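See below for the structure under consideration.
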Amino acid sequence: MAHESIEALSALTELGQIKLGETDLNGVLSRIAELARRGLPGAAEVSVTLVRDRRPYTAAYAGETALLLDEWQYEQDAGPCLEAAARQATVSVPDAATDGRWSGWAARAAAAGMGSVLSVGLPVLDDVTGALNVYGRAPEAFDEATVALAQTFVGYAAVAMVNAHRYDATATLAQHMQAAMASRAVIEQAKGIIMGRRRCGPDEAFAVLAKVSQSSNRKLRDVAAELVADVQRGP
């Protein structure tokens with residue numbers, strides 16, 4: 001029991017120390033699944049379900065059976081992970097072999113070798129919900145202490161996921177801004193070349209670029225970049 005407590009504490013600590021600059025959102029999700037399997041007593045396999053635009057999918061998993069059991073739920077639109085995500089609640093299946101909910105899904109889980117299931121609602125963003133799904137091989141694999149620990153773990157995981165999502169969004173915005181600045185720079189260079197050749201103003205130079213872009217059905221930036229490259233290569 002002491003060893004399990006140490007593992008759980010270690011998992012929570014590692015979850016809080018994920019360096020966003022060294023991974024992306026998918027990497028964070030995979031790490032969450034692996035840490036949950038390692039840190040939650042009785043966990044044999046773990047998955048993370050996300051629901052976006054009412055479409056559920058398994059975003060990360062630690063164990064092939066977990067993925068299979070998730071997908072069975074999506075096929076019939078019923079199961080503990082979907083219920084936990086929709087209600088933002090904790091849904092427990094203490095004995096899958098005797099649980100009659102969800103049109104026999106629990107019996108299929110038992111037949112696949114998972115005797116108990118624990119799904120904890122995972123709040124992510126306004127338009128995305130989800131659940132952490134913990135599968136145990138034996139019935140009654142998760143006692144009250146483990147349920148409480150799983151709920152605590154989900155709180156940490158939600159923070160990590162939100163931070164990762166925001167980091168990705170910020171990084172993407174920065175990349176778009178850099179690309180826009182680079183496009184503008186090359187267009188300005190091309191305008192300068194045209195102005196020098198034609199002894200015209202910036203508006204007329206831009207009109208020349210725009211006309212070539214339209215007639216050749218190419219992006220304005222590509223036309224400008226080709227002109228700049230030709231000049232740099234020289235005669």
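The values are calculated or read from the model by the stated rules, or taken from the named source; none is laboratory data. Note that the structure is a prediction, hence the values are computed from the model and not measured. All Cβ positions, glycine included, derive from the backbone under ideal geometry; neighbour counts span all protein chains shown. Calculation scope for accessible area: heavy atoms of the full protein, side chains included, ligands and nucleic acids excluded. Shrake-Rupley method; radii C 1.70, N 1.55, O 1.52, S 1.80 Å.
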- Note on the structure: Averaging 1/r across every pair of distinct alpha carbons in the range 48-100 and inverting yields a Kirkwood hydrodynamic radius, in angstrom, of 11.7
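At a 10 angstrom cut-off on C-beta neighbours, averaged per residue, how do the peptides 60-73, 130-143, 212-225 rank from highest to lowest?
On the way: 60-73: 19.9, 130-143: 22.6, 212-225: 14.7.
Packing order, densest peptide first, comes out as 130-143, 60-73, 212-225.
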- Once Rh for the range 191-231 is found with the Kirkwood sum over Cα pairs, what is the Stokes-Einstein diffusion coefficient at 37 °C and 0.692 mPa s, in µm²/s? 324
- Message: Modelling each spin label as a point 7 Å along the Cα-to-Cβ direction, I'd like the Ser213/Glu188 distance in nm, to one decimal.
- Response: 1.6
- Please get the size of the charge dipole for the range 54-130, origin at its Cα centre, with Cβ charges of +1 on Lys and Arg and -1 on Asp and Glu, quoted in debye to the nearest 20. 100
- Would you mind getting the accessible area per residue of the range 35-109, heavy atoms of the protein chains only, 1.4 Å probe, in Å²? 45
- Message: Probe radius 1.4 Å, ligands and nucleic acids left out: which of Ser119, Ser30 has the largest accessible area, and how do the rest follow?
- Response: Ser30, Ser119
